[in-house]
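S.K.: First, the structure itself, so that you have it in front of you.
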DNA sequence: CGTCTATTTGAATGTACTCAAAAGCGGTGG
DNA sequence: CCACCGCTTTTGAGTACATTCAAATAGACG
């Protein structure tokens, strides 16, 4: 199993020693996936934290009307967005789907708790990890209130440079909080602007 | 100093023993404030975590055009939203203003770090605290993409039952991401609907 | 009382959505 | 290899949601 990426990620924040590294590795489960595969369904028991070792995924929420809302994309070397996996709640309201072939490393909820109990360094790691998540969410919130859909689309492109080739416009639209039709019109406008130069 | 509220809050998540309690209390600074007072300006050095011991505050962001965007309200017994106080960044982009008279308990950044070093229980507390913050942000994100302004306003009223009397509509509008004029129209509509019953 | 700001109201406008239809595209089976 | 199917994307017309601008009214404070 290739755990070099996940270890690099953790070591960025909290440098692990030999023991910690080995114990951490021993808890991880390899989970390959295929393009289009529904890895977690809404309503599933929430059992794992998921690290993307390779590939792209998205996490989305389905409302009562049956409309999907993409909450987050995840690329290689990212943790996947579904944090309900760690909460008290027995099931997750979010679904996770593969956009490409790839591989996850799963950290079971029980393993996560063992890590926290056994080594303080993981408390630190996850504290900082969650903290960074909040900072990100906060600025995304401001973005949503200060920018038009067109600006948000351009921000999306800048933030996820390689992602667009793997994701349908439908899903990008959902992520931006607009309809696919409107995204199509935005893109047309942008192409026309670009053609003028 | 009345630290009963902040202790109750922390003990909900991580039960402190005598030592931990005393050390924690020794780090807190009492900071009364008056209605309308600008407690933190945008660009200020970010030095404290702030707990609202009494009163109401708001945290907002000012964009390049000079428009304010309210990111969060804070009521008694809440931590105040500005988490930049804890990040690497030397200054905060957010401002915090008092909506009423009241009192803060300040936890200096250095004190926060001491807490984390000295007692693992505070690592746990803040890990869980930040985690809960992410879960809240995630559902607020979905809200913003699934609900109309009218629905969001009603959600706001349900979430912060006593707040409306202290906050101007202008600021509520900003929090909801709409103009004050439009909020006024929404309110008119709702009154008219209510009058029919 | 006068001044300043917040709120309300209305008209005109812009942004984004709905619905419907057409065009494009990828995969599958004959 | 081509025809067909299902799904995504594009396009257009009409509509709804929300903003801008301007002016009037109401409230708060010295």
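S.K.: Find every distance from the label point of residue B:182 to the corresponding label point in the other copies (7 Å from Cα along Cα→Cβ) and write them in nm, one decimal, shortest first.
M.R.: 1.0
S.K.: Which residue fluctuates most in the GNM of chain B (Cα springs below 10 Å): B:36, B:81, B:102?
M.R.: Residue with maximal mean-square fluctuation among B:36, B:81, B:102: B:36.
S.K.: Also, quick follow-up: May I ask for the angle, rounded to the nearest 10°, between helix B:18-27 and the longest principal axis of chain B, with both axes built from Cα atoms and the value confined to 0 to 90°?
M.R.: That works out to roughly 70 degrees.
S.K.: Separate question: Could you state the number of Å between the C-alpha centres of segment A:159-196 and segment A:61-95?
M.R.: 22
S.K.: Further question: Which of A:58, A:147 comes first, and how do the rest follow, when ranked by fewest Cβ neighbours within 10 Å?
M.R.: A:147, A:58
S.K.: Also, I was wondering about something else. So what are the radius of gyration and Dmax for the Cα set of chain A, in Å?
M.R.: Over chain A's Cα set, Rg and Dmax evaluate to 18.3, 61 Å.
S.K.: Using a Gaussian network model of chain B whose springs link C-alpha atoms within less than 10 Å, name the residue from B:60, B:160, B:84 with the highest mean-square fluctuation.
M.R.: Among B:60, B:160, B:84, the largest mean-square fluctuation in the Gaussian network model of chain B belongs to B:160.
S.K.: Let me ask you something else. Applying 1/(1 + (r/R0)^6) with R0 = 35 Å to the Cβ-Cβ distance of residue B:27 and residue B:168, what FRET efficiency is obtained, to the nearest 0.05?
M.R.: Using R0 = 35 Å, I get an efficiency of 0.50.
S.K.: Need one value for B:168-181: mean number of C-beta atoms belonging to other chains within 10 Å of its residues' C-beta atoms.
M.R.: So the per-residue partner count for this stretch is 1.
S.K.: For a quick check: sort B:63, B:68, A:82 by the number of other beta carbons within 10 angstrom, fewest at the front.
M.R.: Arranged by neighbour count, lowest to highest, B:63, B:68, A:82 become B:63, B:68, A:82.
S.K.: How would B:103, B:65 line up from fewest to most surrounding beta-carbon atoms within 10 angstrom?
M.R.: B:65, B:103
S.K.: A further question on this structure: Treat each spin label as a single point 7 Å out from the Cα along the C-beta direction, and report the residue B:109 to residue A:38 distance in nm.
M.R.: Result for the modelled spin labels: 4.7 nm.
S.K.: Cα-based Rg (one decimal) and Dmax (whole number) for segment B:147-197, in Å?
M.R.: When restricted to the Cα atoms of segment B:147-197, Rg and Dmax are 10.7, 30 Å.
S.K.: GNM on chain A, C-alpha springs below 10 Å: top fluctuator among A:134, A:39, A:172?
M.R.: Among A:134, A:39, A:172, the largest GNM mean-square fluctuation belongs to A:134.
S.K.: Also: How high is the relative contact order of chain B, in percent, with contacts defined as C-alpha pairs under 8 Å that are six or more residues apart?
M.R.: So the answer I get is 23 percent.
S.K.: May I pose another question? Could you tell me which of rounded, prolate or oblate describes segment B:90-197, using a ≥ b ≥ c as the square roots of the eigenvalues of the alpha-carbon gyration tensor, with rounded for a/c under 1.5 and, failing that, prolate when a/b is larger than b/c and oblate otherwise?
M.R.: The shape class here is prolate.
S.K.: Which distances in nm, rounded to one decimal and ordered from shortest, link the label point of residue A:19 to the equivalent label points in the other identical copies, with labels set 7 Å from Cα toward Cβ?
M.R.: 1.9
S.K.: Placing a label point 7 Å from Cα toward Cβ, how far apart in nm is residue A:35 from its equivalents in the other copies, listed shortest first to one decimal?
M.R.: The projected label point of residue A:35 is separated from its counterparts by 6.3 nm.
S.K.: A further question follows. Starting from the alpha-carbon convex hull of the protein assembly as shown, give the projected area averaged over all orientations, in nm².
M.R.: Here the figure is 22.6 nm², rounded to one decimal.
Read the figures in this text as sums done on the coordinates, not as results from a lab. Fair warning: this is a prediction, and the values are worked out from it, not measured in the lab. For neighbour counting, all protein chains shown are included, and Cβ atoms are generated from backbone atoms with ideal geometry for every residue, glycine included.
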